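Structure first, commentary second.
The values are calculated or read from the model by the stated rules, or taken from the named source; none is laboratory data. As the structure is a computational prediction, the values presented were derived from the model and not from experiment. Glycine also receives a Cβ, built like all others from the backbone with ideal geometry; neighbour counts cover every protein chain displayed.
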């Protein structure tokens, strides 16, 4: 497990190196926040998982910055932060992480400007817990779309290199995007955001999609944010969804309740 953790962290450092140029950079924009979240799986998702999925809380640190050469984004999650590493038994007799299991997840992504709104793009996601780890690494291209009325979008397409406790290799491709829309109502500021990833042409030996080893999987979240006036706080509600992903066949979803402190 420690070897897996070192490999995942090394992968993230390499990803960061790919999106950080050697020359000095001019700072353009940036943000950072700490947040606390409660993820509530729907009852159908919990039943379909056979007891594998349970509601949990997590603490998160995230931030991003833009420079004249491109941009970078990172987050670090600690799930069930003050709990132990307990294991429970699912209906099929297998062991899985219970609601009290401590887990960590982290991601770094970035784009390097190459021509107009096109960027070289790389991201690395890493998760580890009691008896499992998963690392998804993407290398490809990203395109930036920006408007004068508050909407922006960054779609990307790249090669997927996956590493789990049971399987490692090129795992098809990933088509995804992030978008946001900022608007005001009266004196209140709101935002809508979405991140989405579609994995396609996944290898038959990859087990992270569920027992049926589906070649196509989806993963994402749609969020609504309220930026409290004259306050560093943001509160929001997120609709979390997946299909043939997160170790489970079929469709699953959850609601995430979030509170952020913005630096």
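Tabulated data
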quantity: Hits in region 197-219 - residues which are modelled with pLDDT of 80 or more and not in a strand (DSSP E or B); calculated: 201, 202, 203, 204, 205, 206, 215, 216
quantity: Among residues of region 184-208, those that are touching a strand residue (DSSP E or B) at 6+ places or on another chain (Cβ under 6 Å) and under 20 Å from residue 147 (Cβ atoms), counted; calculated: 8
quantity: Answer from 157, 222, 246 - the residue that is modelled with pLDDT under 95, within 19 Å of the chain's Cα centre (by Cα) and under 30 Å from residue 32 (Cβ atoms); calculated: 246
quantity: Per-region count, region 44-70, residues surrounded by 19 or more Cβ atoms within 10 Å (Cβ to Cβ) and out of contact with any strand residue (DSSP E or B) (no Cβ under 9 Å at 6 or more places or on another chain); calculated: 0
quantity: Counted residues, region 222-255 - those being part of a strand (DSSP E or B) and surrounded by 17 or more Cβ atoms within 10 Å (Cβ to Cβ); calculated: 16
quantity: Test: residue 108 is at pLDDT 95 or above and either surrounded by fewer than 19 Cβ atoms within 10 Å (Cβ to Cβ) or out of contact with any helix residue (DSSP H, G or I) (no Cβ under 7 Å at 6 or more places or on another chain) (or both); calculated: no
quantity: So residue 169, is it assigned to a strand (DSSP E or B), touching a strand residue (DSSP E or B) at 6+ places or on another chain (Cβ under 8 Å) and farther than 21 Å from residue 221 by Cα; calculated: yes
quantity: Only one of 137, 85, 80 that is at pLDDT below 95, over 17 Å from residue 154 (Cβ atoms) and surrounded by 19 or more Cβ atoms within 10 Å (Cβ to Cβ); calculated: 80
quantity: Yes/no for residue 162 being in a strand (DSSP E or B) and touching a residue at least 40 places away in the same chain (Cβ under 8 Å); calculated: yes
